[in-house]
Number of protein chains: 2
Amino acid sequence: MTNINGLDSHGLTHAPNESTPREIYNGPVKSFLSNVSRFKLIETTLREGEQFANAFFDTAKKLDEFGVNYIELTTPVASPQSHKDCELICGLGLKAKILAHVRRHMDDVRAAVECGVDGINIMMGTSALLRQHSHGKDVAQIIKAAIEVIEYVQSQGLEVRFSTEDSFRSNLVDILSVYKTVDKIGVNRVGVADTIGCANPRQVYDLIQTLRGVVSCDIETHFHDDTGCATANAYTALEAGSTHIDVTVLGIGERNGITPLGGFMARMIVKYKLHMIKELEDMVAEAVQINTPFNNPITGFCAFTHKSGYHAKGVLSHPSNYEIINPEDFGMTRYVHFESRLTGWHTVKTRVIQLDLDMPDDQVRIVTEKIKTLADIRPLAIEDVDSIIRSSHAGQSQDQYLL
Amino acid sequence: MTNINGLDSHGLTHAPNESTPREIYNGPVKSFLSNVSRFKLIETTLREGEQFANAFFDTAKKLDEFGVNYIELTTPVASPQSHKDCELICGLGLKAKILAHVRRHMDDVRAAVECGVDGINIMMGTSALLRQHSHGKDVAQIIKAAIEVIEYVQSQGLEVRFSTEDSFRSNLVDILSVYKTVDKIGVNRVGVADTIGCANPRQVYDLIQTLRGVVSCDIETHFHDDTGCATANAYTALEAGSTHIDVTVLGIGERNGITPLGGFMARMIVKYKLHMIKELEDMVAEAVQINTPFNNPITGFCAFTHKSGYHAKGVLSHPSNYEIINPEDFGMTRYVHFESRLTGWHTVKTRVIQLDLDMPDDQVRIVTEKIKTLADIRPLAIEDVDSIIRSSHAGQSQDQYLL
């Protein structure tokens, strides 16, 4: 059985007696470059997210338990509280490595090192410099400025990442030149950031594939969601050879955010504690005072709800007919709507069986028509549907008795 | 100036005096196949959406005014009300063509024709048949079943689309064989549907590109969002040569829905009445009793909010530094957070200027520190920030007076 990634190794299983496995259309998407089965998660809710004070430590602990590989924090120089938070998180003894996301200034880097982080994510505002073709002049300037801080971090025995900004609007030759140089200096990762959320998947594949041939270090990617492509871009980056993906809970972040942890898990179905997604999202949503969107992957109230008669029938007979994700993998349950004018008789029949009633198909069809007629007039709750079924069944039994 | 699609012809303009145009990383994404600049929208909120009775006609009118090319409705045989709705919508005299989405049954098709629709979208539950390799037997069966209804619709002078279901898990040779035959019969469009939301962009590109070489008719695509790729997949399908994209307002639909109209517009920035997006979304959200997600493209309350000092400074000096989309194109406004411990002094300086106060940079830095310290203790409203600025300015003036 293959999963949505075209791999066999992860747990997208379903009812064991199911006759139609979840095979996929197998295009030529497997390649030696692909890291779809071996990526690492950099969780940046506490930095890119709302920088909320409320539930800060609980969120870090929960993310660690979930299994993220890195937790990224705001630079300790942002405020006195940021400095204290960073120190405290570093002292929690989490399995996840703690990263500070800092500007390319020695003061920022030193402050992060003092806090006890495991690594430094250096971000450099390169976009203005790299956006026009610079014939190497600005590139030299960027590299000169970067080298001091990179070497300092290395001397402290910590991981270091060097990221350009707005990478997809930067001049290709210039940006590759910067990445190649910092790779030679020995950074652990280079970072590609779609800071404004403009990239589309084919651009992502092309840039990451090219970069994969230029640097030997790991490649971290960071995608904003302004044009709705953040999850697809993260997945496509892995296909092209990136190794680390930045995510936040519910995708919270600047503007309409970045690749969401839950949405990305829906895409990947892998090794993390998936049943914790809902708990994590609820915690963060409360802390930043937002609601989980109705259409949120996995946990939105519509995610596993089937409404049309056609779909409802299909999903009740074989869930994989209309679901690529098994809700149980995430500790969620499936919900099939009966109370709609689109209800099909197969759905009603399923409900009849669930109610442990015996009813011939002809009568189920009659009951279905009653339900549809009533649903055109007013919204129906499941109790309404049940009482229509029960009263019809009682009538049927009575008819039998009278015969 | 190029826009996010790499095209020059559409209106992604910004402040005229801006020095840094919104150029993009230009990968090899332009191709003779691409329909990114010439697609048509099939709006299916009234079918794939919640099939809500409330605001049904107002939504249709508003969608027509917005400029969608097609409005798709539920099959008239779903319920007596569906039949009435279909007839009434057809009688409204809208510019958009009205389509009925029907099963491949003559009764369904005849009912739709009677209602006066402009075209029929035939959907056939092909997935079980096409999922295993069928050596042509099931394919012949599907084609035989389809041909009668297709020829009937053609005899009525109406448009006809033939769509398979779960296209990305179907056997490639079989599905191409079905599409090729219905193309020869003369359908206006074939439909590719990712019914379960499993496809990723590279699979989409590959299938649509292959299909483009097999059929000469138009290609409609329909993407569910279970794994967060619906918008990216729709865009990528256009790059590969598809011509029509299915969307709904806010993406509502089975489970967590399909490609959202607003999110897709954020990706495309094109010829539609973009300022109507919010009104449309508000209307549908009220009708189906949901809230617009906080992170919704364009209209979510975070979409144009800039929080970190770094971003806030950047966006105030040159909006395109941190925005790929101009909020004004959609009738929206930009919002920059001052009330956060991440506030940078450039942001505060901008506010000082907005308040028409005269304050030297050194003092702005002091005020910024005060704001940050207070923001660590409690959430700050814009009024708090203003009064810190004003009181500091008053003190400064007093100092000057005392000298």
Discussion item. If a residue must be at pLDDT 95 or above and touching a Phe, Trp or Tyr at 6+ places or on another chain (Cβ under 8 Å), how many such residues does region B:215-228 contain?
Written reply: 1
Worksheet entry | Pick from region A:169-194, criterion modelled with pLDDT under 90 and touching a Phe, Trp or Tyr at 6+ places or on another chain (Cβ under 7 Å), ranking: nearest to A:ALA232 (Cα to Cα) | A:ARG169
Worksheet entry | Residues of region A:334-347 satisfying the condition of being at pLDDT 70 or above and touching a Phe, Trp or Tyr at 6+ places or on another chain (Cβ under 7 Å) | A:GLY344, A:THR347
Discussion item. So in region B:66-88, with the set limited to residues that are free of Cβ contacts under 8 Å to residues at least 60 places away in the same chain and hydrophobic (A, V, I, L, M, F, W, C), which one is surrounded by the fewest Cβ atoms within 10 Å (Cβ to Cβ)?
Written reply: B:LEU88
Practice prompt. Sort out which residues of region B:351-377 are of a type in the set (S, T, N, Q) and over 22 Å from A:SER82 (Cβ atoms), and write them in order of number.
Written response: B:GLN354, B:GLN363
Worksheet item: Only one of (1) touching an Asp or Glu at 6+ places or on another chain (Cβ under 7 Å); (2) under 30 Å from B:ALA240 (Cβ atoms) is not met by A:ASP194, so which one is it?
Response: (1)
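Would you pick out the residues in region B:357-380 that are modelled with pLDDT of 85 or more and among the β-branched types (Val, Ile, Thr)? First the steps, then the outcome.
First pass over region B:357-380, keeping only residues modelled with pLDDT of 85 or more: B:357-370.
Scanning region B:357-380 gives B:VAL364, B:ILE366, B:VAL367, B:THR368.
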Worksheet item: Can you tell me which residues in region A:12-44 are at pLDDT 85 or above and within 14 Å of another protein chain (Cβ to nearest Cβ)?
Response: A:THR44
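Give B:LEU207, B:LEU176, B:LEU172 a once-over and let me know the one that is within 14 Å of chain A (Cβ to nearest Cβ), touching a residue at least 12 places away in the same chain (Cβ under 8 Å) and buried (at least 21 other Cβ atoms within 10 Å of the Cβ). Working first, answer last.
Details: B:LEU176 fails: buried (at least 21 other Cβ atoms within 10 Å of the Cβ); B:LEU172 fails: buried (at least 21 other Cβ atoms within 10 Å of the Cβ).
So the residue among B:LEU207, B:LEU176, B:LEU172 that is within 14 Å of chain A (Cβ to nearest Cβ), touching a residue at least 12 places away in the same chain (Cβ under 8 Å) and buried (at least 21 other Cβ atoms within 10 Å of the Cβ) is B:LEU207.
With respect to B:HIS222, is the statement that it is more than 7 Å from chain A (Cβ to nearest Cβ), buried (at least 24 other Cβ atoms within 10 Å of the Cβ) and either in contact with a strand residue (DSSP E or B) (Cβ under 8 Å, 6 or more places away or on another chain) or under 28 Å from A:ILE298 (Cβ atoms) (or both) true? Reasoning before the result, please.
On the way: more than 7 Å from chain A (Cβ to nearest Cβ): yes; buried (at least 24 other Cβ atoms within 10 Å of the Cβ): yes; either in contact with a strand residue (DSSP E or B) (Cβ under 8 Å, 6 or more places away or on another chain) or under 28 Å from A:ILE298 (Cβ atoms) (or both): yes.
Criteria met by B:HIS222.
The values are calculated or read from the model by the stated rules, or taken from the named source; none is laboratory data. Only a predicted model underlies this, so the values are computations on that prediction, with no experimental measurement involved. Cβ: placed from backbone, ideal geometry, glycine included. Neighbour counts: every protein chain shown.
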